[in-house]
Amino acid sequence: MKLKILYDNTAKPGFKSAWGFSCLIEAKETILFDTGWDGDLLLYNMHKFGFNPEKIDKIVISHDHWDHAGGISRILNETKNPEVFVLKSFSEKLKKEIAKRAVLREVSGMEKISGGVFTTGEIGTEIPEQSLFIETENGFVVLTGCAHPGIDNILNFIKNYGKIYRVIGGFHGFNNFEYLKGIPMLSPCHCTTHLNEIKKMYPKNYKECCAGDVFEI
Ligand SMILES: [Zn+2]
Ligand SMILES: [Zn+2]
């Protein structure tokens with residue numbers, strides 16, 4: 001299974017960067033997790049990877065914020081009627097627009113998105129968010145958007161189903177660094193305020209993540 005980082009605040013040479021996050025999961029099915037804000041930039045980085053967006057089977061939007069959901073309308077013009085998984089609590093207007101151009105799926109609780117790929121369902125009350133967790137032989141690889149509900153709350157939920165192997169995505173303002181002890185691989189990116197502290201505290205576990213990165217999991 002391959003993960004390709006399509007959109008992040010930083011990028012490898014040749015790729016474009018902007019505030020936001022998006023990751024492609026290439027498994028039995030092809031799943032797009034988040035869309036960044038600028039759909040053109042997202043498509044630019046997809047083409048840089050030599051990826052054809054028509055191959056996307058499913059799209060999951062972590063939360064209803066511009067830097068994660070903003071690229072959706074542009075990307076839906078390039079896809080072939082994918083299923084789009086949003087939270088039930090997303091704005092009715094956004095859900096209605098998505099439903100015009102794709103198969104809308106409203107998520108509330110934990111559910112399977114595709115073989116070995118699960119959503120946590122809605123976590124958090126202030127800014128509800130869903131994260132993905134992917135089954136691998138080493139444990140779960142977790143993908144977060146901004147992690148507004150708190151990385152600890154998200155991971156505590158996933159720990160009910162098995163151990164965590166790696167976390168990739170935004171950690172937001174999370175500063176309970178001790179909590180991250182014991183997680184073999186940490187790839188905080190996007191909106192992570194304390195990236196340098198995490199890197200300094202866990203130098204062996206830290207693995208850089210930016211647009212243009214490919215991770216074999
Ligand atoms: Zn964000
Ligand atoms: Zn956000």
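Å³ per residue of the Cα convex hull, for the range 69-175?
113
The residues of the range 47-146 present an accessible area of 45 Å² per residue when probed at 1.4 Å with all protein chains retained. How much of the accessible area of the chain, in percent, comes from carbon and sulfur atoms when a 1.4 Å probe is used? About 48 percent, which is the carbon plus sulfur part of the accessible surface. About its Cα centre, the dipole of the range 1-110 is roughly 180 debye, where the only charges are +1 on Lys and Arg Cβ and -1 on Asp and Glu Cβ. Computed on the chain, the Cα convex hull volume stands at 106 Å³ per residue. Residues of the range 182-201 falling in the label zone of residue 208, defined by backbone nitrogen less than 19 Å from a point 7 Å along Cα to beta-carbon, are 185-201. Would you mind getting me the FRET efficiency between residue 73 and residue 103? Use the beta-carbon distance for r and R0 = 22 Å, nearest 0.05. The pair residue 73/residue 103 has a calculated efficiency of 0.90. In the elastic network of the chain, a GNM with C-alpha springs shorter than 10 Å, the most mobile of 71, 124, 20 is 124.
The values are calculated or read from the model by the stated rules, or taken from the named source; none is laboratory data. Note that this is a predicted model, so its numbers are computed, not measured. With ideal geometry, Cβ positions are generated from the backbone for all residues, glycine too; neighbour counts draw on all protein chains shown. Note: accessible area is taken over every heavy atom of the protein model, side chains too, but ligands, DNA and RNA are not part of it. Shrake-Rupley method; radii C 1.70, N 1.55, O 1.52, S 1.80 Å.
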